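Below is one structure; the comments refer to it alone.
The values are calculated or read from the model by the stated rules, or taken from the named source; none is laboratory data. Since the structure is predicted, the reported quantities are computational estimates derived from the model, not experimental observations. Quick reminder, even Gly has a Cβ in these numbers, built from the backbone with ideal geometry, and neighbours come from all protein chains shown.
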There are 2 protein chains.
Amino acid sequence: MSQQRHGSTSGGSDRANAVPAFPDLPEATIARLPEYLRALHNLGEGGADTISSEGLAAAAGVNSAKLRKDLSHLGSYGTRGVGYDIALLIEQIEYVLGLDQRRAVCLVGVGNLGHALAGYDGFASRGFKIVALFDADPSKVGERIHGLIVRHIDELPQVAVEETIAIGVIATPAGAAQAVADELVAAGVTSILNFAPCVLSVPANVDVRKVDLAIELQILSFHEHRKASLTALPGGRSATGAGNQEAVGS
Amino acid sequence: MSQQRHGSTSGGSDRANAVPAFPDLPEATIARLPEYLRALHNLGEGGADTISSEGLAAAAGVNSAKLRKDLSHLGSYGTRGVGYDIALLIEQIEYVLGLDQRRAVCLVGVGNLGHALAGYDGFASRGFKIVALFDADPSKVGERIHGLIVRHIDELPQVAVEETIAIGVIATPAGAAQAVADELVAAGVTSILNFAPCVLSVPANVDVRKVDLAIELQILSFHEHRKASLTALPGGRSATGAGNQEAVGS
DNA sequence: CGCGATTTGTGCACGCCTTCACAAGCGCCT
DNA sequence: AGGCGCTTGTGAAGGCGTGCACAAATCGCG
Ligand SMILES: NC(=O)c1ccc[n+]([C@@H]2O[C@H](COP(=O)([O-])OP(=O)(O)OC[C@H]3O[C@@H](n4cnc5c(N)ncnc54)[C@H](O)[C@@H]3O)[C@@H](O)[C@H]2O)c1
Ligand SMILES: NC(=O)c1ccc[n+]([C@@H]2O[C@H](COP(=O)([O-])OP(=O)(O)OC[C@H]3O[C@@H](n4cnc5c(N)ncnc54)[C@H](O)[C@@H]3O)[C@@H](O)[C@H]2O)c1
């Protein structure tokens with residue numbers, strides 16, 4: 001995750017208060033904000049109005065000091081002695097993440113995995129809308145999935161403009177992923193979520209995130225291996241795991 | 001990712017050379033090893049025998065210095081002036097990740113996503129084998145998917161012992177995930193891959209990894225938001241993205 | 001046999017992130 | 001009105017990870 005700071009020393013003090021000229025959030029913080037957001041929604045549905053950093057941290061599975069520092073980067077939206085106003089905090093985080101504007105997403109590769117993704121309601125419930133499905137296989141084109149009709153990949157440039165698609169999801173085999181990425185970029189997509197197990201090469205202004213199931217399993221496998229070799233050793237210590245979390249029964 | 005070092009200062013010099021008493025690998029390194037492994041397999045199929053750190057780094061999308069440091073943690077398996085022996089390195093990484101022994105995996109929740117996962121061949125090709133599918137819905141129990149029959153979740157304890165399942169995959173709705181996790185743990189599973197958008201509470205010796213699609217999209221959304229607010233600002237600089245990668249056409 | 005080209009392995013410095021610990025601030029109760 | 005308990009926001013310290021830059025090692029060639 002090599003990062004490059006965009007040295008905008010623009011004070012931003014001359015602006016009202018709507019757009020804080022963009023808080024230069026640490027990448028690690030950004031990655032946790034969605035988790036906080038989900039926890040806040042859960043808590044809000046539970047009927048609470050405010051929540052302490054301790055409580056929210058527990059619900060999100062992080063250290064409370066870390067949570068406070070993360071939130072402090074957004075500004076001061078807590079009240080000492082009380083906690084954070086849940087509704088207000090949700091609003092702020094959603095604003096920072098850009099979730100206040102619904103983002104159009106397209107999905108390329110309607111196979112095994114693509115089918116599941118197309119039918120996933122976890123998209124819409126968080127501000128994303130799948131506006132188009134693409135595939136290269138003529139036998140899939142025309143198929144209707146969850147109200148959307150699968151289009152041929154060649155229609156991507158046209159549809160991308162019509163729908164102002166900014167985010168593309170790649171669920172094709174690895175061999176086709178780079179070509180699809182190139183087409184997405186050419187069509188103006190600037191963020192890609194890649195499920196294919198391969199490295200994508202894209203221009204510097206395009207963001208790529210990868211989800212690789214096999215990698216996750218291999219990491220777990222390593223820890224299994226480690227734990228096994230530990231228990232087999234003399235000092236039969238009860239190995240302490242990695243990546244454990246706090247409760248939030250939901 | 002709070003880690004705890006298991007201070008085994010056990011020299012291990014009294015062992016032949018098979019088990020290096022366990023290298024205390026940085027977590028960040030572990031997360032990259034699977035990527036190296038995939039790149040190595042690709043390169044090997046391409047007919048190459050050796051590969052330089054520069055070449056492998058490009059194929060894996062990382063810095064070459066980082067790659068060398070990562071590999072140096074495993075021991076010295078490269079030859080100066082030449083590079084790394086691909087076959088040997090594959091063997092070593094697979095050993096460290098514990099992929100030399102096939103690991104039994106069970107999948108709980110055969111819904112939309114579970115179906116796709118059950119039919120994914122990326123498991124078997126990397127040393128994992130799905131040995132059981134579970135669901136709580138009676139109408140799904142008995143269904144055959146890719147040669148496996150869906151069993152009722154109540155059979156988990158029995159099957160887990162029979163098949164020595166160490167890794168469980170949760171693909172149920174979030175509301176059921178904690179209960180499923182508890183059952184997995186009770187059945188002896190010590191590693192969990194969780195697709196449900198919620199925090200799981202597990203004992204310290206159990207490892208949990210989470211894959212949350214919505215979080216990935218929200219992170220991308222943030223970067224979209226940032227990019228948009230940058231291009232709207234005076235100095236129209238071509239924003240440099242985050243998390244870009246090198247080529248590996250495959 | 002020696003030399004230069006090449007590439008690994010790593011010491012080192014820097015920056016990011018995490019965590020502790022505590023002062024400052026807020027509300028409530030008396 | 002004042003004090004007290006609770007919680008936030010943050011300074012500082014330490015650890016981890018990254019990447020540069022280079023010495024050490026190896027190969028091939030003349
Ligand atoms: N199935 C899973 O559970 C799973 C899990 C993790 C990762 N993955 C990865 O996701 C990807 C898709 O997996 P899958 O099981 O759905 O595969 P799949 O073969 O079932 O589906 C791939 C789809 O992509 C389409 N396609 C191929 N080339 C294309 C192109 N150039 N343009 C547009 N569409 C194209 C195919 O027609 C097909 O419909 C693979 O890279 C796989 O490794 C899958
Ligand atoms: N579909 C996707 O693309 C997608 C993507 C990312 C994350 N997810 C998450 O993955 C999970 C599953 O998604 P889905 O779309 O497959 O949902 P789904 O409703 O289609 O499937 C859930 C399955 O879990 C089973 N189940 C429910 N309670 C159970 C229990 N206690 N024990 C065993 N099985 C139980 C149900 O019978 C059902 O078959 C959800 O948490 C979802 O948020 C889904």
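Table for the structure above
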| read-out | value |
| --- | --- |
| Evaluation of B:ASP135 against (1) more than 16 Å from ligand 1 (Cβ to nearest atom); (2) within 11 Å of chain A (Cβ to nearest Cβ); (3) not basic (Lys, Arg) (one fails), failing number | (2) |
| Failed item in (1) surrounded by fewer than 18 Cβ atoms within 10 Å (Cβ to Cβ); (2) facing another protein chain (nearest Cβ under 8 Å); (3) at pLDDT below 95, with B:ALA232 passing the rest | (2) |
| Residues of the stretch A:67-97 satisfying the condition of being within 14 Å of another protein chain (Cβ to nearest Cβ) and either of a type in the set (D, E, K, R) or farther than 17 Å from A:ASP24 by Cα (or both) | A:ASP70, A:ILE90, A:GLU94 |
| Close pairs (9 angstrom Cβ cut-off, 6 or more residues apart or separate chains): at positive phi and surrounded by 14 or more Cβ atoms within 10 Å (Cβ to Cβ) in the stretch B:155-180, assigned to a helix (DSSP H, G or I) and among the charged types (D, E, K, R) anywhere | none |
| A:SER64 in contact with a Ser or Thr (Cβ under 6 Å, 6 or more places away or on another chain) and either hydrophobic (A, V, I, L, M, F, W, C) or more than 11 Å from chain B (Cβ to nearest Cβ) (or both) | yes |
| Residues (among the aliphatic types (A, V, I, L, M) and in contact with a Leu (Cβ under 6 Å, 6 or more places away or on another chain)) located in the stretch A:146-169 | A:LEU148, A:VAL150, A:ILE167, A:VAL169 |
| Residues that are away from chain B (no Cβ under 11 Å) and surrounded by 15 or more Cβ atoms within 10 Å (Cβ to Cβ), drawn from the stretch A:19-51 | A:LEU40, A:LEU43, A:GLY44, A:THR50, A:ILE51 |
| Filter result (aliphatic (A, V, I, L, M) and more than 9 Å from chain B (Cβ to nearest Cβ)) within the stretch A:180-195 | A:VAL180, A:ALA181, A:LEU184, A:VAL185, A:ALA186, A:ALA187, A:VAL189 |
| Single residue of B:GLY122, B:GLY75, B:GLY81 found to be away from DNA strand C (no atom under 16 Å from the Cβ) and in a loop (DSSP other than H, G, I, E, B) | B:GLY122 |
| Qualifying residues in the stretch B:104-114 (those that are assigned to a helix (DSSP H, G or I) and out of contact with any Asp or Glu (no Cβ under 9 Å at 6 or more places or on another chain)) - the one nearest to DNA strand C (Cβ to nearest atom) | B:LEU113 |
| Options A:GLY114, A:GLY142; residue that is within 12 Å of chain B (Cβ to nearest Cβ) and either within 30 Å of A:ALA186 (Cα to Cα) or within 16 Å of DNA strand D (Cβ to nearest atom) (or both) | A:GLY114 |
| Which numbered condition B:ARG102 misses (of (1) at pLDDT below 95; (2) surrounded by 18 or more Cβ atoms within 10 Å (Cβ to Cβ)) | (2) |
| Members of the stretch A:127-148 that are surrounded by fewer than 23 Cβ atoms within 10 Å (Cβ to Cβ) and in contact (Cβ under 8 Å) with a residue 24 or more places away in the chain | A:GLY127, A:LYS129, A:ILE130, A:VAL131, A:ALA132, A:ASP135, A:ALA136, A:LYS140, A:GLU143, A:ILE145, A:HIS146, A:LEU148 |
| Test: A:LEU156 is modelled with pLDDT of 95 or more and either at the interface with another protein chain (Cβ under 7 Å from one of its Cβ atoms) or within 27 Å of B:ARG102 (Cβ to Cβ) (or both) | no |
| Among (1) modelled with pLDDT of 95 or more; (2) in a loop (DSSP other than H, G, I, E, B); (3) within 16 Å of ligand 2 (Cβ to nearest atom) - the single one A:LEU117 does not satisfy | (2) |
